[in-house]
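The values are calculated or read from the model by the stated rules, or taken from the named source; none is laboratory data. Since the structure is predicted, the reported quantities are computational estimates derived from the model, not experimental observations. Virtual Cβ from ideal backbone geometry, glycine too; neighbours counted across all protein chains shown. Ligands, DNA and RNA are excluded from the accessible area calculation, which covers all protein heavy atoms including side chains. Shrake-Rupley method; radii C 1.70, N 1.55, O 1.52, S 1.80 Å.
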Amino acid sequence: MRTQIPDTVSFDRENNRLLLIDQTRLPNETRILALRTIEEMEEAIRSLRVRGAPAIGVAAAIGLAVLAGEMGGVDDALLREYALRLKKTRPTAVNLAWAIDRMLSVGHTKEMLAETALAIWREDIETCRRIGGHGSALLRDGDSILTHCNAGRLAAVRYGTALAPVYVAAEQGKHVHVFAGETRPLLQGARLTAYELAEAGIPVTLLCDNMAAGLMQSGRVSAVFIGADRVAANGDTANKTGSLGLSVLARAFGLPFYVCAPASTFDRSCPTGAQIPIERRGAEELTTQWYQNRMAPSGAAVYNPAFDVVPAENITAFITEDGVSPPRKSAI
Ligand code: MRU
């Protein structure tokens with residue numbers, strides 16, 4: 001992949017620091033944060049300086065390794081307390097808990113924790129590349145896909161999930177164009193997806209979320225590709241708020257709707273989408289965040305779920321590191 005963007009998350013082992021691109025500053029400034037304390041890590045995940053399901057899992061894993069590195073000898077009780085604090089930062093993306101549990105399941109020496117964090121980091125790159133390989137086989141030269149939020153390299157270490165097929169298709173010489181929904185309220189589509197694709201030389205066209213129906217009706221979309229924060233055992237899939245609407249539209253217009261996600265996003269302990277915890281975020285994201293003047297009257301009641309759930313029946317197929325498969329009918 002051709003891009004100047006550094007890895008979203010990495011481990012500066014020499015100086016024992018968690019390195020992150022501060023995504024709240026994109027696309028205006030590429031600032032790398034170097035974190036060492038639990039407070040900095042909690043704040044970075046909560047305020048979406050690092051975001052996207054795989055990326056927050058990798059960040060938490062490296063974060064725990066860094067926190068252990070700061071201790072004299074590894075204090076098991078303190079490590080568990082830090083793990084719990086990091087787990088609580090965001091509830092919907094299961095990759096966060098998955099990565100933390102994996103870190104806690106290894107022997108608690110600094111070396112073991114550092115090696116496991118690096119393994120999670122490396123595997124993320126390999127897994128996303130494989131998702132890209134499977135997904136690119138579904139793309140033809142000249143296709144235009146629609147995506148939502150950011151499930152690209154900025155949501156993982158490199159490649160991403162929903163955009164990995166586009167990056168791999170480009171490596172294979174196919175010309176694939178991406179429509180990026182801006183993704184209110186935090187504009188991950190506009191600020192991050194449009195940015196990272198343009199940086200990589202992939203043609204991208206931005207639209208407001210409420211333009212998706214008209215765009216599909218115009219016949220210019222070949223398929224919808226999204227990422228996922230948690231896939232329940234029956235295939236119901238939580239992803240950025242707005243994904244449900246797009247899935248209904250794709251069905252109405254007869255378009256394939258693909259969910260790209262690594263195995264770590266599948267939560268077999270969660271029977272259906274109804275049990276997936278949906279994060280509620282602050283009112284200011286709708287009322288004041290983007291303009292100096294208020295965007296809504298003071299005291300307005302605000303509905304701000306960060307995610308919604310796409311029912312399995314609206315999903316054409318999951319694209320994982322193991323291949324492309326439709327939701328299992330037996331589990332639905
Ligand atoms: O709130 P965010 O920006 O963390 O939401 C991210 C998404 O919804 C992504 O689509 C999802 O995490 C998959 S990322 C590969």
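Within region 310-321, is even one residue touching a Pro at 6+ places or on another chain (Cβ under 9 Å), more than 16 Å from the ligand (Cβ to nearest atom) and among the aliphatic types (A, V, I, L, M)? Yes: region 310-321 contains one or more residues that are touching a Pro at 6+ places or on another chain (Cβ under 9 Å), more than 16 Å from the ligand (Cβ to nearest atom) and among the aliphatic types (A, V, I, L, M). Restricting the first member to region 200-217 and to residues that are farther than 30 Å from residue 4 by Cα, and the second to residues that are open to solvent by less than 40 Å² (accessible area, probe 1.4 Å) and of a type in the set (Val, Ile, Thr), the beta-carbon pairs closer than 7 Å and six or more apart or on different chains are 215/221.
Answer yes if at least one residue in region 283-294 is touching a residue at least 60 places away in the same chain (Cβ under 8 Å), assigned to a helix (DSSP H, G or I) and of a type in the set (D, E, K, R), and no otherwise. Yes, the conditions are met somewhere in region 283-294.
Results for (1) more than 18 Å from residue 212 (Cβ to Cβ); (2) modelled with pLDDT under 95, shown as yes or no for each residue.
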site: 261; (1), (2): yes, no
site: 264; (1), (2): yes, no
site: 272; (1), (2): yes, no
site: 315; (1), (2): no, no
site: 324; (1), (2): yes, no
site: 330; (1), (2): yes, yes
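For residue 191, the conditions (1) open to solvent by 30 Å² or more (accessible area, probe 1.4 Å); (2) over 15 Å from the mean Cα position of the chain (by Cα); (3) within 16 Å of the ligand (Cβ to nearest atom) all hold with the exception of (2). The set of residues in region 237-254 that are open to solvent by 30 Å² or more (accessible area, probe 1.4 Å) and either more than 13 Å from the ligand (Cβ to nearest atom) or at pLDDT below 95 (or both) comprises 245, 248, 249, 251, 252, 253, 254.
The single condition among (1) within 13 Å of the ligand (Cβ to nearest atom); (2) over 14 Å from the mean Cα position of the chain (by Cα); (3) within 21 Å of residue 250 (Cβ to Cβ) that residue 89 does not meet is (3).
Kindly indicate the residue of region 134-161 that is more than 16 Å from the ligand (Cβ to nearest atom) and polar (S, T, N, Q) and also farthest from residue 248 (Cα to Cα) among those meeting that condition.
Here the residue is 136.
Filtering region 199-227 to residues that are polar (S, T, N, Q) and either buried (at least 18 other Cβ atoms within 10 Å of the Cβ) or under 22 Å from residue 136 (Cβ atoms) (or both) leaves 205, 222.
Every condition in (1) open to solvent by less than 10 Å² (accessible area, probe 1.4 Å); (2) in a helix (DSSP H, G or I) holds for residue 77 except the one numbered (1). For region 114-133, the set of residues classified as farther than 25 Å from residue 63 by Cα and either among the hydroxyl-bearing types (Ser, Thr, Tyr) or within 15 Å of the ligand (Cβ to nearest atom) (or both) consists of 130, 131, 132, listed by residue number.
Applying the set (1) within 16 Å of the ligand (Cβ to nearest atom); (2) of a type outside the set (Asp, Glu); (3) part of a loop (DSSP other than H, G, I, E, B); (4) in contact with a Ser or Thr (Cβ under 7 Å, 6 or more places away or on another chain) to residue 234 leaves exactly one unmet item: (1).
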